[in-house]
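Asker: First the structure, then my questions, so here it is.
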Amino acid sequence: APPSGVIVWGPLGTGKGHMIEAAAGAAGVSYLIIRGRECTDHPDVIRDGFRFAMENRPCVVHLMDIDWLAPRKDADYSWSDGSTTGRPDKFGSDAVHLAVHEEVARVAPVPDVVVLASCYRIDVLDQAFTRTSMLGRKIYVPRPGREDRAEILKYYLRDVKIGGDVDLDWLAGETEYFVGWDLEALCRKAKLLAVERNSSDSPVVSRQDFEAALGRVRPWLTPEMASDYDRIFGEDCIHKYNF
């Protein structure tokens, strides 16, 4: 039987939301997004959202930032380098945590309401969600590898004139800790620098422009955070990833 709920997790900017939206679109069902960062103090938003899902079945509920809404006790979001990058200004209140738990549990037996939750830190989430059938399967979306980065760069540069001195494999190698939105920002910055240099709306973007952009656009992930993600995934309960 298909899982009643799935949690998609990984670094910021890796396309988790696009993946979930595409899945709902391919299924041709109602689609609801509950943005966790907007309701850390609003349990009514959680309950109203799930009420909508029940009234508009079949429905996919994308519960974003569930690690912010329902963290485990004493969650601190710290990384091995001592930073707290990605930590929300505040976690969900006790009332929000309860609302998330009750609503996800309530729809778990309902076959035509599927919860696709997403988060940045699976280890910060209250493990009651993943130990039970509420979110019975997990998908880890890691930072893109070198070949993936080359494909992402190709996509963002599809309508950009690039110089013959630009090698996308070289650029992919220079962007080891960049995720999708970092690569988008890098391409945008390189194009802006080329416009400034050429005084043209449609300039040729050269290697010089990309080298300058690399000095100005820094990735969200640090090497320590990337290593921590690999460790968290390695320590997680692997059988939950088998569909």
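Quick note: the coordinates plus some simple rules give every number you see, no bench work behind them. Model, not experiment: these values are computed from the prediction. Cβ coordinates were reconstructed from backbone atoms using ideal geometry, including for glycine residues, and neighbour counts include every protein chain displayed.
Asker: Please arrange Thr85, Thr175 by how many other C-beta atoms lie within 10 Å of their C-beta, fewest to most.
Answerer: So the residues, fewest neighbours to most, are Thr85, Thr175.
Asker: Debye calculation, C-alpha points only, no solvent: report log10 I(q)/I(0) for the range 1-70 at q = 0.14, 0.16, 0.17 Å⁻¹, in the same order as the q values.
Answerer: Listed by q, the Debye log ratios stand at -0.45, -0.59, -0.67.
Asker: Whole Å is fine, so just give me how far the alpha carbon centre of the range 198-233 lies from that of the range 67-83.
Answerer: Their Cα centres are 26 Å away from one another.
Asker: Let me ask something additional. Pick from Tyr155, Tyr31, Tyr229: which residue has the top mean-square fluctuation in a GNM of the chain where Cα pairs under 10 Å get a spring?
Answerer: Per the Cα network of the chain with a 10 Å cutoff, Tyr155 tops the list.
Asker: Over 27 Å apart: what share of the alpha carbon pairs of the range 5-143 falls there, rounded to a whole percent? Don't jump to the answer; show the numbers that get you there.
Answerer: Working: 1279 of 9591 pairs.
Tail of the P(r) past 27 Å holds 13 percent of the pairs.
Asker: Roughly how tilted is helix 223-235, in degrees to the nearest 10 and between 0 and 90, from the longest Cα axis of the chain?
Answerer: 40
Asker: Say the cut-off is 20 Å between C-alpha atoms; which of Lys73/Lys240; Lys161/Lys189; Lys16/Lys191; Lys161/Lys191 go over it? All intermediate terms of the calculation are to be shown ahead of the outcome.
Answerer: Working: Lys73/Lys240 22 Å; Lys161/Lys189 14 Å; Lys16/Lys191 26 Å; Lys161/Lys191 9 Å.
Beyond 20 Å between Cα atoms: Lys73/Lys240; Lys16/Lys191.
Asker: Let me ask something else. Hey, fewest Cβ within 10 Å first, where do Lys138, Lys240, Lys73 land in order? Don't skip to the answer; put the middle values down first.
Answerer: Working: Lys138 22, Lys240 18, Lys73 5.
Taking fewest neighbouring Cβ atoms as first place, the list is Lys73, Lys240, Lys138.
Asker: Follow-up question, since we're still on this one. Would you work out the relative contact order for the range 5-143, in percent, from Cα pairs under 8 angstrom that are 6 or more residues apart? Walk me through the numbers before you get to the answer.
Answerer: Details: 256 pairs, mean separation 57.2, N = 139.
Here the relative contact order equals 41 percent.
Asker: Taking 0.36 nm per intervening residue step and subtracting the Cα-Cα distance, what contour gain separates Leu168 from Val110 on full extension? Intermediate values should be presented prior to the final figure.
Answerer: Numbers: separation 58, 0.36 × 58 = 20.88 nm, distance 4.71 nm.
Stretched out fully, the Leu168 to Val110 stretch lengthens by 16.2 nm.
Asker: When the Cα centres of the range 102-136 and the range 30-53 are compared, how far apart do they sit, in Å?
Answerer: Each part reduced to its Cα centre gives a spacing of 14 Å.
Asker: Just need the relative contact order of the range 146-220 here, percent rounded to a whole number, with Cα pairs under 8 Å and 6+ apart. Write down the numbers at each step before the final one.
Answerer: Numbers: 86 pairs, mean separation 28.7, N = 75.
After rounding, I find 38 percent.
Asker: Using a 10 Å cut-off around each Cβ, can you sort Ser30, Ser118 from fewest to most neighbouring Cβ atoms?
Answerer: Values: Ser30 17, Ser118 23.
The most exposed by this proxy come first: Ser30, Ser118.
Asker: Still on this structure: Of the candidates Asp74, Asp228, Asp182, which one comes out as most mobile in a Gaussian network treatment of the chain with C-alpha springs shorter than 10 Å?
Answerer: Among Asp74, Asp228, Asp182, the largest GNM mean-square fluctuation belongs to Asp74.
Asker: Shifting gears a bit: For the chain, taking Cα atoms only, what is the radius of gyration to one decimal and the Dmax to the nearest whole Å?
Answerer: Rg and Dmax of the chain, Cα atoms, are 20.3, 61 Å.
Asker: Another question, if that's okay. Where does the chain land at 222 nm, in deg cm²/dmol rounded to the nearest 500, when only DSSP H runs of n ≥ 4 count, each adding -39500 (n - 2.57), divided by all residues?
Answerer: Details: 10 runs with 104 residues, N = 243.
Rounded to the nearest 500, it is -12500 deg cm²/dmol.
Asker: What relative contact order, as a whole-number percentage, does the chain give when Cα pairs under 8 Å and 6 or more residues apart are counted? Write down the numbers at each step before the final one.
Answerer: Numbers: 406 pairs, mean separation 60.9, N = 243.
Reported relative contact order: 25 percent.
Asker: Using θ = phi - 60° and the Karplus form 6.51 cos²θ - 1.76 cosθ + 1.60, what ³J(HN,Hα) does each residue of the range 116-124 get, whole Hz, x for Gly and Pro?
Answerer: Running phi through 6.51 cos²θ - 1.76 cosθ + 1.60 with θ = phi - 60° gives 10, 8, 9, 7, 8, 10, 5, 6, 7 Hz.
Asker: Send over the semi-axes of the range 146-220's equivalent ellipsoid, whole angstrom and largest first, taken as the square roots of 5 times the C-alpha gyration tensor eigenvalues. Don't skip to the end; give the middle numbers.
Answerer: On the way: eigenvalues 71, 32, 22 Å².
Calculated on Cα positions only, the semi-axes equal 19, 13, 11 Å.
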